[in-house]
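Only one structure is covered here, and it is reproduced in the block below.
The values are calculated or read from the model by the stated rules, or taken from the named source; none is laboratory data. Predicted model only: the values in this text are computed from it and were never measured. So basically every Cβ, Gly included, is an ideal-geometry build from the backbone, and we count neighbours across all protein chains shown.
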Amino acid sequence: MSSGEDGDPRRRVPRTDTLLADTLLAAARDRLGDRVVKRAVQIAQDRVRRGELPVGRLLDTVLDSLPDAPTSLRRVINATGVVLHTNLGRAPLSEAAVAAVNTAAGYVDVEFDLTTGTRARRGRGALAALLTAVPDAQDALVVNNGAAALVLAATTLAPGREIVISRGELVEIGDGFRIPELLQSTGARLREVGTTNRTHLADYAAAVSDRTGFILKVHPSNFSMHGFTASVPVDQLATLGVPVVADIGSGLLAADPLLPGEPDAASWLRAGAGLVTASGDKLLGGPQAGLVLGTSELVGRLRRSPIHRALRVDKLTLAALEATLTGPPTPTRAALRADPTVLRGRAEHLARSLQDAGVPAAVVPSDGLVGAGGAPDLRLPGWAVALPEDHAAALRTGRPAVAARVEGGHCLLDLRCVPTVDDRALLGAVLAAAGRIDGTPPCT
Ligand SMILES: *Cc1c(COP(=O)(O)O)cnc(C)c1O
């Protein structure tokens, strides 16, 4: 029988049960679940058996290898200057919305009247908030996203019928999502009118018939056409005697002077749209959701449609949406309106701290963007810290991860979408990334 230091390492590996019962690992199991912890234990045990890891380091190695959370989604500091970055989850929720989501995560009165003890209308708080925000709407609905709102409108108002749409508004939103294909997938037929660059009221008028389900007006949110162009405004379409469904996309509920090119729900409803559809996680700055606002008659028909049940949102979304509508200004609004002077001051402070630590950093002018295909021509003047380009990859893979903008051979850190409270975390992340590039330990 072998024993002692030079014995068979397999004999000295503590049993899985013994390890899992350790206080520190028990705490990790409470946080992460058994599976993740057990897997980490098995990997470390195998390394001990192969003689790669001293048995005395086993527990620490397991603890070091455990993730911070049981999910794979990782926090990202958005230093791209793009406010609604689709790849980073579009709008970040406000603190009020996060708190509301937290409350809604448990048992809540989402469909229950606590006074009478009977069933109540689901999401009535969020719907009331929506109607308060847009008094021009007689009724409102919330579904899963903007695409779902269009599907619900098409399946309810145009099954086997025609949707009249301008050829200039047959748009692709992103990642291959095309509005015409979405509409056709519901069984509705598209009746295209006009040309790519010019469509007139007479084109619509000639196409409207007893086969028409509705006229669809789509805001071409992610591109702009200049030159010899013409499109028909909602107030003229509303004279043709069929419902007008208007997809504004952006989620702007009322006109905003900062975004003069973006249509808003209130204006298009006043112009005569029967329904306006929009996203919750674009300019509104809330959770992913599809907002439907309009007349009692049309919204009521959508609500009674069987497919409405398949597209409805969960209590977390309703909670976040209500808090977004009634609570303090959203991070999206703050980022869109960030004061360039303040951005410059923060960038200079960050650059100085980096220079003091030997990281080459300079402050440069940098334009932010709305993003998520919104207001593509709008530039938001600001400032960024420029680093050598190779810092971008190191920043992305750090903790917290930082998404920067790579432009003109530089890695740009634009602070527009970085909450001020994260400035220190960003500094730490850059120092750690620079340390990894130099092969030196991070200076903190
Ligand atoms: C973004 C957008 C959509 C899609 O909305 P989702 O919420 O992403 O489903 C539809 N139409 C327009 C005009 C848009 O800009």
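Scanning region 231-251 for residues that are small (Gly, Ala, Ser) and within 16 Å of the ligand (Cβ to nearest atom) turns up Ser231, Ala246, Gly249, Ser250, Gly251. Of note, Asp264 satisfies the criterion of being away from the ligand (no atom under 11 Å from the Cβ) and touching a strand residue (DSSP E or B) at 6+ places or on another chain (Cβ under 8 Å).
Away from the ligand (no atom under 16 Å from the Cβ), part of a helix (DSSP H, G or I) and modelled with pLDDT of 95 or more - does that describe any residue in region 290-297? Within region 290-297 (the criterion being away from the ligand (no atom under 16 Å from the Cβ), part of a helix (DSSP H, G or I) and modelled with pLDDT of 95 or more), the answer is yes, since at least one residue qualifies.
A Cβ distance below 7 Å, combined with a sequence gap of six or more or placement on separate chains, defines the contacts here; from region 163-178, residues that are polar (S, T, N, Q) reach residues that are assigned to a strand (DSSP E or B) and surrounded by 20 or more Cβ atoms within 10 Å (Cβ to Cβ) in the pairs Ser166/Val193.
Within region 185-220, the set of residues being touching a Pro at 6+ places or on another chain (Cβ under 8 Å) and either in a loop (DSSP other than H, G, I, E, B) or surrounded by fewer than 16 Cβ atoms within 10 Å (Cβ to Cβ) (or both) comprises Thr186, Gly187, Ala188, His219. Scanning region 324-353 for residues that are touching a strand residue (DSSP E or B) at 6+ places or on another chain (Cβ under 7 Å) and in contact (Cβ under 8 Å) with a residue 40 or more places away in the chain yields Thr332, Ala335, Leu336, Ala338, Pro340, Leu343, Ala347, Leu350. Within region 94-110, being touching a residue at least 12 places away in the same chain (Cβ under 8 Å) and farther than 15 Å from Leu321 by Cα holds for one residue alone: Val108.
None of Val110, Val37 is in contact with a Lys or Arg (Cβ under 9 Å, 6 or more places away or on another chain) and farther than 20 Å from Leu25 by Cα except Val110. Output yes when any residue across region 210-227 is modelled with pLDDT under 95 and either under 19 Å from Leu141 (Cβ atoms) or more than 31 Å from the chain's Cα centre (by Cα) (or both), and no when none is. For region 210-227, residues modelled with pLDDT under 95 and either under 19 Å from Leu141 (Cβ atoms) or more than 31 Å from the chain's Cα centre (by Cα) (or both): present. When Ala273, Ala254, Ala202 are checked against the criterion of being within 16 Å of the ligand (Cβ to nearest atom), small (Gly, Ala, Ser) and modelled with pLDDT of 95 or more, a single residue qualifies: Ala273. On inspection, Val98 passes the criterion of being aliphatic (A, V, I, L, M), away from the ligand (no atom under 16 Å from the Cβ) and more than 22 Å from Gly300 (Cβ to Cβ).
Within region 228-284, which residues are assigned to a helix (DSSP H, G or I), under 28 Å from the mean Cα position of the chain (by Cα) and either polar (S, T, N, Q) or crowded, with 22+ Cβ neighbours inside 10 Å (or both)? Listed by number, the residues that qualify are Ala265, Ser267, Trp268, Leu269. Scanning region 333-382 for residues that are under 27 Å from Ala433 (Cα atoms) and among the charged types (D, E, K, R) turns up Arg344, Arg346, Glu348, Arg352, Asp356, Asp367. The set of residues in region 69-82 being surrounded by fewer than 16 Cβ atoms within 10 Å (Cβ to Cβ) and touching a residue at least 24 places away in the same chain (Cβ under 8 Å) consists of Ala69, Pro70, Arg74, Arg75. At least 1 residues being at pLDDT 95 or above, under 17 Å from the mean Cα position of the chain (by Cα) and within 30 Å of Thr155 (Cα to Cα) is the threshold, and among the helices (runs of 4 or more DSSP H) wholly inside region 308-415 those reaching it are 315-326. Within region 135-153, residues that are within 22 Å of Ser185 (Cβ to Cβ) and assigned to a strand (DSSP E or B) reach partners that are among the charged types (D, E, K, R) and more than 10 Å from the ligand (Cβ to nearest atom) with beta carbons closer than 6 Å, at six or more positions or on different chains, in the pairs Leu141/Arg303.
If you check Thr212, Thr132 for being under 26 Å from Arg309 (Cβ atoms) and touching a residue at least 12 places away in the same chain (Cβ under 8 Å), only one passes: Thr132.
Of all residues assigned to region 68-83, at least one qualifies as being over 30 Å from Pro365 (Cα atoms) and either aliphatic (A, V, I, L, M) or assigned to a helix (DSSP H, G or I) (or both).
Return yes or no: is Asp256 out of contact with any strand residue (DSSP E or B) (no Cβ under 6 Å at 6 or more places or on another chain) and in contact (Cβ under 8 Å) with a residue 24 or more places away in the chain? So Asp256 passes the test.
For Ala153, the conditions (1) surrounded by fewer than 23 Cβ atoms within 10 Å (Cβ to Cβ); (2) among the hydrophobic types (A, V, I, L, M, F, W, C); (3) under 18 Å from Arg304 (Cα atoms); (4) within 16 Å of the ligand (Cβ to nearest atom) are fulfilled apart from (1).
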